[in-house]
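Just so it is clear, none of the values below were taken in a lab; they were calculated from the coordinates. The structure presented is a predicted model; accordingly, all values stated were derived computationally and were not measured. We place every Cβ from the backbone using ideal geometry, glycine too, and count neighbours over all the protein chains shown.
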Amino acid sequence: MKKIRLLPAVAFFGALLAGSITLFASPKETRSETERRLLAEVPELTSENVLSGRYFERLDLWTADHFPKRELFRQARAAFQIDILREHEYNGFVRHEGSIIRLQKQANEASFAYAGERFERVRKKYLERSKCSVYRALVPDKSSFLRDAGYPVADGARMEELYGGILPFATAVPIRESLELTDYYRSDSHWRQERLINTAEILLQTMGRDTSVLRATEFDKVPVEHFLGVYAGQSAMNPEPETLYYLTGGYLDDCRLFDYETMSVIPMYDPEGCDARDLYTLFVGGSKSLLRIDNPNAPEGELIIFRDSFGAAIAPLLASAYRSVYLADIRYIHPDALGRFLKFADRDVLFLYSETLMNNSQGLR
């Protein structure tokens, strides 16, 4: 009887020992592809680290990042909290109307201010004495559509106010009302190209461009199956894959995309050559510093877009009304270098950024 009572304890310590051996003996990854982040490194065992307590803190992080079957446990925990306990939030994410959303609970005013410093540098160097017409548009974060559902999310009006404050020299383009939650991917932060016709039309109309070509074009929707966005892995909610579409047809078939990094023409969409871990990068070259879309059928006009990744999907639609559309991403190119490639004279300039990036703008150069 005494031996039987000891069995649970023996089983527990056996499992603990087996887990520890597996943890230290199994090969270690340096990056979590599902979470899109680097994993913790094993801490250095020194007297200083031990005495300060940093060693044990970092060991806890390393153990949590490299625990055997970690992804399975993450998914199980998320399912338990969301589906069983009916909690609304798990690790900063919620699931609403079939969409996974990272909660953006407040505006990061310091981040907006930093972005404003970078934009002011662009204004003084290129726009102050130019005859460019300058515009601004702020792409709502997915979480902004949760406000009426009672979730604690950042005030969109305050976001717009902050954005206007750092770009006072630019005319506002109100695109927020043209968008809704279903215009974004269910498992990703980005918007869907095939749902952006109305938004592109608002941008073009405000910038004084003809929208007849955009409206008259019968686009073909080309599907790319099994798309899982960045939130699929980060949330651990294990959603079903969805279909990503990109648009072709009409004027788009005659457009060409020039990459200033390779000084060559590249595909407008590249589902085969893009980053397979992030299919959204199939749009206009993915993470590129400077690109140019040429539309030989447009009568005149050039547009320069300062943008983040959201600009990649909508730029081909804006190209319906411009001979050339330049896409400058100053996360990957310093603004001082732009003058080698671009002329800021008698052109339209659009600052098109997402609330997501404005709240985390430290990557801007």
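Label the stretch 293-365 by shape, choosing from rounded, prolate and oblate, from the square roots a ≥ b ≥ c of the eigenvalues of the Cα gyration tensor; if a/c is under 1.5 it is rounded, and otherwise prolate applies when a/b is larger than b/c, oblate when it is not. Provide the component values of the computation, followed by the final result.
On the way: a/c = 2.60, a/b = 1.48, b/c = 1.75.
The shape class here is oblate.
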**Prompt:** Residue by residue through the stretch 279-284, which ³J(HN,Hα) values in whole Hz follow from phi under the Karplus form 6.51 cos²θ - 1.76 cosθ + 1.60 (θ = phi - 60°), with glycine and proline marked x?
**Reply:** 5, 4, 5, 5, 6, 5
**Prompt:** Label points 7 Å out from Cα along the Cβ direction at PHE169 and HIS96: separation in nm?
**Reply:** 3.7
**Asked** Structure shown: which of LYS131/LYS221; LYS142/LYS288; LYS105/LYS131; LYS142/LYS343; LYS288/LYS343; LYS221/LYS343 lie over 27 Å apart, alpha-carbon to alpha-carbon?
**Response** LYS131/LYS221; LYS105/LYS131; LYS142/LYS343; LYS221/LYS343
**Prompt:** Going by average Cβ neighbours within 10 Å, how do the peptides 240-253, 192-205 rank, with the highest at the top?
**Reply:** 192-205, 240-253
**Request:** Obtain the nm distance between the two label points defined at TYR332 and GLU161 by a simple spin-label model: each point lies 7 Å from its Cα along the Cα-to-C-beta direction.
**Result:** 3.6
**Item:** Gyration tensor verdict on the stretch 224-354 (Cα atoms; rounded if a/c is under 1.5, prolate if a/b is larger than b/c, oblate otherwise)
**Value:** prolate
**Prompt:** What's the center-to-center distance, using Cα atoms, between the stretch 272-288 and the stretch 105-159 in Å?
**Reply:** 25
**Message:** Using a 7 Å offset from the Cα along the Cα-to-Cβ direction at both ARG121 and ASP253, what is the distance between the two label points in nm, to one decimal?
**Reply:** 4.4
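Would you mind classifying the stretch 141-201 by shape? Square roots of the alpha carbon gyration tensor eigenvalues, ordered a ≥ b ≥ c; an a/c under 1.5 is rounded, otherwise it is prolate if a/b is larger than b/c and oblate if not. Don't jump to the answer; show the numbers that get you there.
Details: a/c = 2.29, a/b = 1.18, b/c = 1.94.
Since a/c reaches 1.5 but b/c is at least a/b, the shape of the stretch 141-201 is classed as oblate.
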